[in-house]
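Asker: There's a structure below that I have some questions on.
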Amino acid sequence: MYKMERKEDSIRIPPQMLGDELDEVLNELAAEELEGRLYDGNKLIILANNIEPVGDGKIVHGDGGIYQRVNYDALIFEMEEDELIFGYVCEILKFGAFVRFGPLDGLLHISQIMNDKVDVDLGNQRLKGKESQKEIGINDKLRARIVTVSINDRSPRESKIGLTMRQPGLGKLEWIEEEMSDA
């Protein structure tokens with residue numbers, strides 16, 4: 001889920017940037033230091049905007065840089081277990097599919113796709129139900145539910161997020177539309 005939050009943080013201004021325009025320096029450094037960072041366990045900062053310095057910067061003995069407190073608007077992506085997501089298939093592997101939603105990918109294991117045995121066709125990048133003949137492939141749009149979240153603090157894009165589609169109202173969007181028209 002996306003949210004906007006007003007946050008305060010500290011940005012280190014290196015010595016080689018001390019003579020430059022403060023607003024430009026803070027905008028550049030905020031993009032490098034704040035965006036893509038996790039906080040509170042599962043909140044990912046996507047964008048830092050409207051950066052405003054707070055007070056004077058602080059000099060740390062032996063560092064050479066200045067530490068400047070800033071207020072900023074942060075666009076946050078927060079993942080929660082049991083949350084419904086919309087995404088698309090971005091990769092098919094022998095054990096399932098990776099689904100891209102927001103800035104991250106989640107794993108949809110073959111056991112969590114449907115209540116049917118699933119055949120893997122890596123050559124055509126498809127996963128197909130043996131009895132139902134339902135299939136998913138690259139760029140198919142899906143609705144799934146997050147079942148597990150294991151965040152990698154150092155590299156958020158490598159976090160492990162488990163998904164399922166084995167419940168009513170979940171699955172490939174065409175399947176959901178067919179179920180609704182049959183009802």
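Asker: Filtering the stretch 131-183 down to residues that are loosely packed, with under 11 Cβ neighbours inside 10 Å and among the basic types (Lys, Arg), which residue is modelled with the lowest pLDDT?
Answerer: The extreme case among them is 157.
Asker: Mind checking which residues of the stretch 126-145 are touching a Phe, Trp or Tyr at 6+ places or on another chain (Cβ under 8 Å), within 15 Å of residue 90 (Cα to Cα) and among the charged types (D, E, K, R)?
Answerer: If the condition is that a residue be touching a Phe, Trp or Tyr at 6+ places or on another chain (Cβ under 8 Å), within 15 Å of residue 90 (Cα to Cα) and among the charged types (D, E, K, R), then 140, 141, 143 are the ones that fit.
Asker: Looking at the stretch 135-168, which of its residues are outside any strand (DSSP E or B), touching a strand residue (DSSP E or B) at 6+ places or on another chain (Cβ under 7 Å) and either of a type in the set (Asp, Glu) or in contact (Cβ under 8 Å) with a residue 24 or more places away in the chain (or both)? So that I can check it myself, show each step before the final result.
Answerer: Taking the stretch 135-168 as the starting set, the residues that turn out to be outside any strand (DSSP E or B) are 138-140, 151-159, 165-168.
Then keep just the ones that are touching a strand residue (DSSP E or B) at 6+ places or on another chain (Cβ under 7 Å); that gives 138-140, 151, 153, 156-157, 159, 165, 167.
Across the stretch 135-168, the qualifying residues are 138, 139, 140, 151, 153, 156, 157, 159, 165.
Asker: Within the stretch 106-119, track down each residue that is assigned to a strand (DSSP E or B), touching a Phe, Trp or Tyr at 6+ places or on another chain (Cβ under 8 Å) and either hydrophobic (A, V, I, L, M, F, W, C) or surrounded by fewer than 20 Cβ atoms within 10 Å (Cβ to Cβ) (or both).
Answerer: Within the stretch 106-119, the first condition is being assigned to a strand (DSSP E or B), and the residues that meet it are 106-109, 118-119.
Pick out the ones that are also touching a Phe, Trp or Tyr at 6+ places or on another chain (Cβ under 8 Å) and you get 106-109.
If the condition is that a residue be assigned to a strand (DSSP E or B), touching a Phe, Trp or Tyr at 6+ places or on another chain (Cβ under 8 Å) and either hydrophobic (A, V, I, L, M, F, W, C) or surrounded by fewer than 20 Cβ atoms within 10 Å (Cβ to Cβ) (or both), then 107, 108, 109 are the ones that fit.
Asker: Return yes when residue 89 is more than 22 Å from residue 2 (Cα to Cα), at pLDDT 90 or above, in a strand (DSSP E or B) and in contact with a strand residue (DSSP E or B) (Cβ under 9 Å, 6 or more places away or on another chain) and no when it is not. Steps first, please.
Answerer: Values: more than 22 Å from residue 2 (Cα to Cα): no; at pLDDT 90 or above: yes; in a strand (DSSP E or B): yes; in contact with a strand residue (DSSP E or B) (Cβ under 9 Å, 6 or more places away or on another chain): yes.
Criteria not met by residue 89.
Asker: Is the stretch 19-38 home to any residue that is among the aliphatic types (A, V, I, L, M), at pLDDT below 90 and buried (at least 16 other Cβ atoms within 10 Å of the Cβ)?
Answerer: Within the stretch 19-38, one or more residues are among the aliphatic types (A, V, I, L, M), at pLDDT below 90 and buried (at least 16 other Cβ atoms within 10 Å of the Cβ).
Asker: Only one of 18, 44, 26, 22 is under 20 Å from residue 159 (Cβ atoms) and in the same structural domain as residue 63 (by TED's automatic domain parsing); which?
Answerer: Among 18, 44, 26, 22, only 44 is under 20 Å from residue 159 (Cβ atoms) and in the same structural domain as residue 63 (by TED's automatic domain parsing).
Asker: Does residue 165 qualify as being aliphatic (A, V, I, L, M) and within 20 Å of the chain's Cα centre (by Cα)?
Answerer: On the way: aliphatic (A, V, I, L, M): yes; within 20 Å of the chain's Cα centre (by Cα): yes.
It is true that residue 165 is aliphatic (A, V, I, L, M) and within 20 Å of the chain's Cα centre (by Cα).
Asker: Testing residue 23 on (1) under 28 Å from the mean Cα position of the chain (by Cα); (2) of a type outside the set (Val, Ile, Thr); (3) over 30 Å from residue 171 (Cα atoms), one condition comes back false. Which one is that?
Answerer: Status for residue 23: all satisfied but (1).
Asker: Looking at residue 74 and the list (1) among the aliphatic types (A, V, I, L, M); (2) surrounded by fewer than 17 Cβ atoms within 10 Å (Cβ to Cβ); (3) under 18 Å from residue 103 (Cβ atoms), which single condition is not satisfied?
Answerer: (2) is the only condition that residue 74 fails.
Asker: For the stretch 46-69, check the following and say yes or no: at least one residue is among the aliphatic types (A, V, I, L, M) and under 15 Å from the mean Cα position of the chain (by Cα).
Answerer: yes
Asker: Within the stretch 9-18, can you find the residues that are farther than 12 Å from residue 71 by Cα and surrounded by 11 or more Cβ atoms within 10 Å (Cβ to Cβ)?
Answerer: Going residue by residue through the stretch 9-18, those that are farther than 12 Å from residue 71 by Cα are 12-18.
Within the stretch 9-18, 12, 13, 14, 17, 18 qualify.
The values are calculated or read from the model by the stated rules, or taken from the named source; none is laboratory data. For clarity, every value in this text was computed on a predicted model and none was experimentally measured. Glycine also receives a Cβ, built like all others from the backbone with ideal geometry; neighbour counts cover every protein chain displayed.
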